[in-house]
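Here is the structure we will look at, set down as structure tokens.
The values are calculated or read from the model by the stated rules, or taken from the named source; none is laboratory data. Everything numeric in this text was worked out from a predicted model, so none of it was measured. Cβ atoms come from the backbone with ideal geometry, glycine included; neighbour counts cover every protein chain shown.
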Amino acid sequence: MFPGPTLEVNNGDTLVVNVVNQIKYNITIHWHGVRQMRTAWADGPEFVTQCPVKPGSSYTYKFTIEGQEGTLWWHAHSTWLRATVYGAILIYPKEGSSYPFPKPRRETPILLGEWWDANPIDVLRESIRTGGAPNISDAYTINGQPGDLYNCSSKETAIIPIDAGETNLLRVINAALNQPLFFTIANHPFTVVGADASYVKPFTTTVIMLGPGQTTDVLIAGNQIPSRYYIAATAYQSAQNAAFDNSTATAILEYKAAPCPAKKQSNPIMPILPAFNDTAAVTAFSASFRSLKEVNIPKEIDEDLFVTVGLGLNDCPPGPNGTRFTSSMNNVSFVLPQTTSLLQAYQTDTPGVFTTDFPDRPPVRFDYTGNVDRSLWQPIQGTKVYRLEYGSRVQVVLQDTSIVTAENHPIHLHGYDFYILAEGFGNFDPDVDTGKFNLVDPPLRNTAAVPAGGWAVIRFVADNPGMWIMHCHLDVHISWGLAMAFLVEDGNEVMQTLEAPPLDLPVC
Ligand code: C2O
């Protein structure tokens, strides 16, 4: 199936998913946004919490949904296989409880993706060979189809049903590999009610933007003339001068159960699309998110990290054109181990697989608004993790470096949700920007779209033992090293609360 099967569960359910690898590549599956409390072995990132599932073998992921409601998703977490291996996870309220909004008559997952007329693994390999940027995709997709603006897709365009006179819930997921996307529907404004499986204070908007990895739940009212309306996804070009596909993927919103049958017009109504570079709209949209209720956020912090996110150029080894693209956090370009996972290496005390010296700030402070000295463009390589004492209260300032180009980076943390206290442009300035923190009802997310040329401040409590990767969810950037990992442990009791590794855990 493409997209893959939808998992429908309730908050509180335990899932047992047997993954059988029937393809010719190694693969792992990640349950994006699932907190995986004490079950780090089921998280899925290749060489972080497990070795890959080899062709012909299998691995059973077992985990429980604890306190999360809304929409998450699952995807391959090996090289670029998630280009085609992904699906939705719909988490309904706990048995016996209900939504904090009127019960929708119909709920539909909408997965936005990217399509290459090529094997995405080959696209990645070619870019690594040349050191240049990989080819951009040939189309965006909605539930696997580019839509009827493309001849190849005209018969199979996704149809999203809607009930006249009823409230409908759309669960929108950006599964694209490398592209933040705008999403809109003609004549049907959205009421946003959730994001990343947390409820938010409802707000209305006609367009939403999702960075890769993010999900947004919206209500739409079936109050228009029963007919057919275009649903559209287009690129948000969040980096200057970066190549992107400026085409539009479409699906059709089609009224069901209408008093009289929907008219099959040849031309459904087209929505007004934002400009591809409408950063002002994106900024206003992301500032609208508030947690539904007041939250209990740590007011004091034990760990105060400043982490740069950005690109670089590497002359060592040089690409055919002299340099190759790279990327880093705090000037460290993350290298995955090849022969064991970080978590296994930790548990078995295997030396030499990783070091715990990921720096809590960049080696030098500089001006992050451009014109960065070329000597700062070349990161070092390393498998460096940052150790967090179990239970510590952590703040991370994520700062785009604007090296090579300013770009919106969707930064995703495994094993945790975090509060986004504030976002802004330019250099984060603690003296001024700390005053802007929302400590009352900040949104709880697993992926923060750090503004291009700007910063975001996140906070969480390290209450989940394990090895947790934090990375840019643009796959091209993770391939270039835009990642690090947190080791959350209790120094005395050696992660006594982490469950033992499953017997079928793949070994390298
Ligand atoms: Cu959705 Cu590490 O990824």
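A few notes on this one:
- Residue, nearest to the ligand (Cβ to nearest atom), within the range 60-76, restricted to residues that are under 17 Å from the mean Cα position of the chain (by Cα) and part of a strand (DSSP E or B): His75
- Entry remark, the range 462-485: residues being within 26 Å of Ile297 (Cβ to Cβ) and either in the same structural domain as Ala175 (by TED's automatic domain parsing) or away from the ligand (no atom under 14 Å from the Cβ) (or both) number 4 in total.
- Test: Ile29 is among the aliphatic types (A, V, I, L, M) and within 16 Å of the ligand (Cβ to nearest atom): yes
- Filtered residues of the range 377-393 (kept if touching a residue at least 60 places away in the same chain (Cβ under 8 Å) and out of contact with any Leu (no Cβ under 6 Å at 6 or more places or on another chain)): Gln378, Pro379, Gln381, Lys384, Tyr386, Leu388, Glu389, Tyr390, Gly391, Ser392, Arg393
- Those residues of the range 331-365 which are acidic (Asp, Glu) and touching a residue at least 12 places away in the same chain (Cβ under 8 Å), in sequence order: Asp357, Asp360
- Which listed residue, of Ile252, Ile272, is of a type in the set (Val, Ile, Thr), outside any strand (DSSP E or B) and in contact (Cβ under 8 Å) with a residue 60 or more places away in the chain: Ile272
- Identity of the residue in the range 282-310, of a type in the set (A, V, I, L, M, F, W, C) and crowded, with 18+ Cβ neighbours inside 10 Å, that ends up modelled with the lowest pLDDT: Ile297
- Among all positions in the range 77-89, there is no residue which is of a type outside the set (Val, Ile, Thr), more than 14 Å from the ligand (Cβ to nearest atom) and part of a loop (DSSP other than H, G, I, E, B).
- Test for Pro410: is it farther than 27 Å from Asp315 by Cβ and assigned to a strand (DSSP E or B): yes
- Annotation note: of Thr141, Thr130, the sole residue that is among the polar types (S, T, N, Q), touching a residue at least 24 places away in the same chain (Cβ under 8 Å) and surrounded by fewer than 16 Cβ atoms within 10 Å (Cβ to Cβ) is Thr130.
- Of the candidates Phe190, Phe183, the single residue that is of a type in the set (A, V, I, L, M, F, W, C) and under 24 Å from Phe244 (Cα atoms) is Phe183.
- Sole residue being under 21 Å from Phe289 (Cβ atoms) and of a type in the set (D, E, K, R), chosen from Asp417, Asp429, Asp475: Asp417
- Selected residue (only one of Val457, Val461, Val396 is over 29 Å from Gln179 (Cα atoms) and either touching a residue at least 40 places away in the same chain (Cβ under 8 Å) or surrounded by fewer than 24 Cβ atoms within 10 Å (Cβ to Cβ) (or both)): Val461
- The strands (runs of 3 or more DSSP E) located wholly in the range 433-508 that include 3 or more residues which are closer than 27 Å to Pro52 by Cβ occupy 466-472, 483-489.
- The condition (being more than 18 Å from Gln237 (Cα to Cα) and either polar (S, T, N, Q) or within 16 Å of the ligand (Cβ to nearest atom) (or both)) is satisfied by just one residue among Ala197, Ala186, Ala176, Ala158: Ala197.
- Residue within the range 134-145 that is out of contact with any Phe, Trp or Tyr (no Cβ under 8 Å at 6 or more places or on another chain), at negative phi and at pLDDT 95 or above present: yes
- Selection status of Leu112, within 16 Å of the ligand (Cβ to nearest atom), touching a residue at least 60 places away in the same chain (Cβ under 8 Å), in contact with a His (Cβ under 8 Å, 6 or more places away or on another chain) and not in a loop (DSSP other than H, G, I, E, B): no
- Residue match in the range 206-214 (condition: farther than 30 Å from Val404 by Cα and either surrounded by fewer than 22 Cβ atoms within 10 Å (Cβ to Cβ) or in contact with a strand residue (DSSP E or B) (Cβ under 7 Å, 6 or more places away or on another chain) (or both)): yes
- When each of Thr447, Thr434 is tested for being of a type in the set (S, T, N, Q) and either closer than 19 Å to Ser291 by Cβ or within 16 Å of the ligand (Cβ to nearest atom) (or both), the lone residue that passes is Thr447.
- Those residues of the range 342-362 which are part of a loop (DSSP other than H, G, I, E, B) and out of contact with any helix residue (DSSP H, G or I) (no Cβ under 9 Å at 6 or more places or on another chain), in sequence order: Thr348, Asp349, Thr356, Asp357, Phe358, Pro359, Asp360, Arg361
- Close pairs from the range 64-82: first touching a residue at least 24 places away in the same chain (Cβ under 8 Å), partner among the basic types (Lys, Arg) and within 13 Å of the ligand (Cβ to nearest atom), Cβ under 8 Å, at least 6 apart: His75/Arg82; Ala76/Arg82
- Residues of the range 46-59 classified as out of contact with any strand residue (DSSP E or B) (no Cβ under 7 Å at 6 or more places or on another chain), assigned to a strand (DSSP E or B) and more than 14 Å from the ligand (Cβ to nearest atom), total: 0
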